[in-house]
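Just so it is clear, none of the values below were taken in a lab; they were calculated from the coordinates. All values reported here derive from a predicted model rather than from experimental measurement. Here the Cβ is made from the backbone with ideal geometry for all residues, glycine too, and neighbour counts use every protein chain on show.
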Amino acid sequence: YCSVANILGKPEDGDEINVDERRVTQEAEIIDTLLNGYNPKVRPIGNVLYEGFHRPVVITVSMHIISLKRVDDIKMEYDLQLFLRQKWRDDRLAYAKEGPDAVTLRDNQKIWTPDTFFGNEAEAHRHMLDQPNTLIHIHRDGSVFYSTRLSMTLFCPMDFVKLPFDTQRCNFIIESYAYTEDDIVYIWDNEIAIKYDSNYMTSLPLFEISNITSEGKSVRVKERTYSNIQAIFHLRRKLGYYFYHFYLPTTMLVITSWTAFFLHPSKATARMFIGLGSLALLTLFVSISF
C-alpha cells in the first residue's frame with residue numbers, strides 16, 4: 001500500500017531532512033565562495049550614475065519602530081527602540097542562479113556594511129542577548145538586506161513658547177560617518193519607509209504622536225557634502241495632564257481665596273488668613289510642580 005505522504009505528494013521525513021541538509025550545505029558553500037578573496041574594507045561600486053560621473057552606493061533605508069517610550073522635555077531627549085533595515089547592491093556577492101534565492105549571514109564583519117551613524121544620538125546600544133540581534137540576507141543578484149535592533153536616546157531641541165499648547169518636532173537623523181554623498185547616498189524605502197504599531201506609541205504621559213514624516217537632504221560640512229535622511233516625530237502635548245495637575249488646582253485655590261470677600265469686615269484676621277494661606281499654597285504648588 002502507498003503511504004499517505006506518497007498519496008498526497010508530500011515528501012517523507014527522511015526526504016525532508018535530506019532536502020534541508022542539502023540546502024544548508026549549499027548555503028555554506030555559497031558563503032565560503034563569496035567570502036573567498038572578498039575585502040570587507042572596500043566599498044562596492046554603485047550601479048547608478050550620480051550627478052553624471054559618481055557611482056555611490058545607494059542605501060535604501062526603512063525602520064520598524066518598536067516603541068517610543070520616554071520623552072523628557074527637561075533634558076530635551078527621547079528614547080527609541082527600533083529595527084533599522086538597510087538594503088544595497090554589492091556585485092561582488094552575486095552568485096549563480098542554481099543556488100537558493102538568498103543566503104543568511106550572521107557575522108556582519110565578513111562583508112562591507114555602511115558606516116551609518118545617528119546625528120543626534122546621545123546614547124545607543126545594539127541588543128546582544130543571547131546572540132547579536134542582526135540579520136543579513138544576500139540575494140543571488142548581489143542585493144544585501146541588513147537588519148539590526150537598536151535602543152537609543154536621542155537629543156530633541158524643544159521650543160516652549162506656546163507651552164502647554166505646543167507641538168514638538170523630534171528628529172531621528174541618519175547619515176554616513178566617513179563617506180560623502182560621492183560614495184554613499186541614503187534614501188527612504190518607497191514602499192514603506194517607517195512602520196510602527198500605534199498600540200505601543202500611545203503610552204506617553206505628556207505627549208501624543210500626531211504624525212511621523214520622513215525627508216532627505218544633503219548636508220555640507222567643511223566643504224564636504226554628506227547624504228542625510230531624517231524621520232520626524234511630531235509630538236503634541238496632552239492638555240488633560242495640565243488641566244488636572246495645573247489649571248484645576250490653581251482655579252480652586254483662586255476661588256477659595258474669594259471667600260474672604262464674603263466675610264464681614266470685622267473678621268480681618270480670618271480674611272487675612274484665607275488670602276495669605278491661598279497665596280502660600282499656590283506658591284508651594286507651583287514650586288513642587290516644576
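Just how large is the dipole of the chain about the Cα centre, in debye to the nearest 20, putting +1 at every Lys and Arg Cβ and -1 at every Asp and Glu Cβ? Please list the in-between numbers first.
On the way: 31 positive and 36 negative charges, 329 e Å.
For the chain, the charge dipole is close to 1580 debye.
Using 0.36 nm times the number of residues separating ILE45 and HIS234, minus their current alpha carbon distance, what extension gain do you get? Show your work: numbers first, answer last.
On the way: separation 189, 0.36 × 189 = 68.04 nm, distance 3.69 nm.
Stretched out fully, the ILE45 to HIS234 stretch lengthens by 64.3 nm.
GNM remark for the chain: springs join alpha carbons under 10 Å apart, and the peak mean-square fluctuation among LYS162, LYS69, LYS110 falls on LYS162.
Once the Cα atoms are used to define both axes, helix 248-257 deviates from the longest principal axis of the chain by about 0 degrees.
Stretched out fully, how many nm does the piece from HIS137 to ARG92 gain, at 0.36 nm a residue minus the Cα gap?
Values: separation 45, 0.36 × 45 = 16.20 nm, distance 1.43 nm.
My answer for the length gained is 14.8 nm.
Spin-label model, ASP189/TRP258: points 7 Å from Cα along the beta carbon direction are separated by 5.8 nm. Taking each DSSP H run with n ≥ 4 as -39500 (n - 2.57) and averaging over every residue of the chain yields -7000 deg cm²/dmol at 222 nm.
Most exposed first by the Cβ proxy, i.e. fewest other Cβ within 10 Å, how do ILE136, ILE187, ILE174 rank?
Listed from fewest to most nearby Cβ atoms, that is ILE187, ILE136, ILE174.
With viscosity set to 1.002 mPa s and temperature to 20 °C, compute the Stokes-Einstein D of the range 47-237, Rh being the Kirkwood radius across alpha carbon pairs; µm²/s, no decimals.
On the way: Rh = 18.2 Å.
Result for D is 118 µm²/s.
Placing a pseudo-label 7 Å from each Cα along the Cα-to-Cβ vector at THR269 and ASN211 gives an inter-label distance of 6.3 nm.
Rounded if a/c is under 1.5, else prolate if a/b beats b/c, else oblate: with a ≥ b ≥ c from the C-alpha gyration tensor eigenvalues square-rooted, which is the range 241-289?
Working: a/c = 6.47, a/b = 2.14, b/c = 3.02.
In terms of gyration-tensor shape, oblate.
Evaluating 6.51 cos²θ - 1.76 cosθ + 1.60 at θ = phi - 60° for every residue in the range 69-81, the Karplus couplings come out as 9, 8, 10, 9, 7, 7, 7, 6, 8, 8, 9, 9, 10 Hz, glycine and proline recorded as x. Look at GLU29, GLU98 and count the other Cβ atoms within 10 Å of each Cβ; fewest to most, that gives GLU98, GLU29.
As a proxy for reagent exposure, ARG89, ARG236 were ordered by neighbouring Cβ count within 10 angstrom, fewest first; the result is ARG236, ARG89.
So what are the range 157-248's ellipsoid semi-axes, whole angstrom, largest first, if each one is the square root of 5 times an eigenvalue of the alpha-carbon gyration tensor?
Equivalent ellipsoid semi-axes, largest first: 34, 17, 8 Å.
How many nm separate the modelled label positions at ARG126 and TYR242, each set 7 Å beyond the Cα in the direction of the Cβ? Using points 7 Å along Cα→Cβ, the separation is 4.2 nm. Given the pairs LYS87/LYS195; LYS41/LYS110; LYS69/LYS195; LYS75/LYS217; LYS110/LYS217, which are separated by over 20 angstrom at their Cα positions? Too far apart for the 20 Å limit: LYS75/LYS217; LYS110/LYS217.
Applying 0.36 nm per residue to the separation of LYS75 and THR225 and subtracting their alpha-carbon distance, the gain on full extension is 51.0 nm.
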